[in-house]
Amino acid sequence: MDQRRHFRAFYFLYFAAWSGFVVFRNAYFETVGLTGVQMGTIGFLLKVAGIAALPGWGLLSDRFGAQKRILLSSVAVSGALGLLYPQTAAVFPLLAAVTVAFAAFRAPVKPVANSMLLSTGLSYGGIRAFGSIAFGVAALGTGLLSSRVGSVVVFYAFAAGMAVLAVIVLRIPVASRPPTESVGLRAASLVRDRNFAALLVAAFLMGTMFPAGSAYLSVYVRSIGGTDAITGLSVAAKTLAEAVVFLTAARFTTTYRSLLVAGAGCHIVAFGFYASARRRRSSSRCSCYSASATRRSCSRR
């Protein structure tokens, strides 16, 4: 298996394993009695602990040129920690502690894999598209499975995916980089650059909005009477379209700025449709009631 196939397999498996955790973890937490605030706290810890851990992983990578070893450790340990979620979900402080450790070890997976991929000179979009395809297909499959056996399956699927991923990482034919000077000392000058500062602000806003939409989608769909299978179908449609964009968008646009603007517009439309689903469902219910003996009650509501 050559480099291209190894990286395709890596991105496909990683996003397939990760999709269930992203989309259905709150559906599971709801079944074990967690409140919306507690779900939000877990999501917050996943982000903050991951962000806090990244500089340390970056320093290790720069200092020792150990990208492949860091990636292998991250995949293996985060997979093992994923198995602890069903065991600790009933005790929120323990669940929070597991989340911090899980987020810290999972944090370098995508950045290190992206760096390794870019260093090979292969097309990032052409390979990353396999991740989008996997995320959508796996979300659909996990939704169908969750509807039958329960949403706890997402944690076991993640652990199984990470186990297979560790084998792939061992076989990726990419040499470790030589030690380099850390960029930490140059960070202050980067922040003072107006364009870089604007990019940081945009990245921060994206990080605050998009994860919440993904994490609470399954809970929202259940609240309007849908099933996990419907959630999976929705995510599959969205991510398969994302894969098409990865493969074709660069041919029709001249700048990355235009891609970002177009992507932001598409997200606005998508979340607008999500938000309108409840209103349409409520309207249909009212119409149904108005045809029955409770017409007067419905009209008052």
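Overview of values
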quantity: Some residue of the stretch 242-250 being modelled with pLDDT of 75 or more, acidic (Asp, Glu) and crowded, with 16+ Cβ neighbours inside 10 Å; calculated: no
quantity: Subset of the stretch 77-112 [open to solvent by less than 60 Å² (accessible area, probe 1.4 Å) and part of a loop (DSSP other than H, G, I, E, B)]; calculated: ALA89, ALA107, PRO108
quantity: Test set (1) farther than 25 Å from ASP228 by Cβ; (2) assigned to a loop (DSSP other than H, G, I, E, B); (3) not polar (S, T, N, Q) - LEU34 fails condition number; calculated: (1)
quantity: Qualifying residue in the stretch 2-13 (condition: open to solvent by 10 Å² or more (accessible area, probe 1.4 Å), in a helix (DSSP H, G or I) and free of Cβ contacts under 8 Å to residues at least 24 places away in the same chain); calculated: yes
quantity: Answer residue from the stretch 14-39, given it is of a type in the set (Gly, Ala, Ser) and closer than 17 Å to VAL164 by Cα and is surrounded by the fewest Cβ atoms within 10 Å (Cβ to Cβ) among those; calculated: ALA16
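The values are calculated or read from the model by the stated rules, or taken from the named source; none is laboratory data. Bear in mind the structure is a predicted one, so any value in this text is a computation, not a measurement. Please note: Cβ atoms are built from the backbone with ideal geometry, for glycine as well, and neighbour counts cover all protein chains shown. Keep in mind that these areas ignore ligands, DNA and RNA; they rest on the heavy atoms of the full protein, side chains included. Shrake-Rupley method; radii C 1.70, N 1.55, O 1.52, S 1.80 Å.
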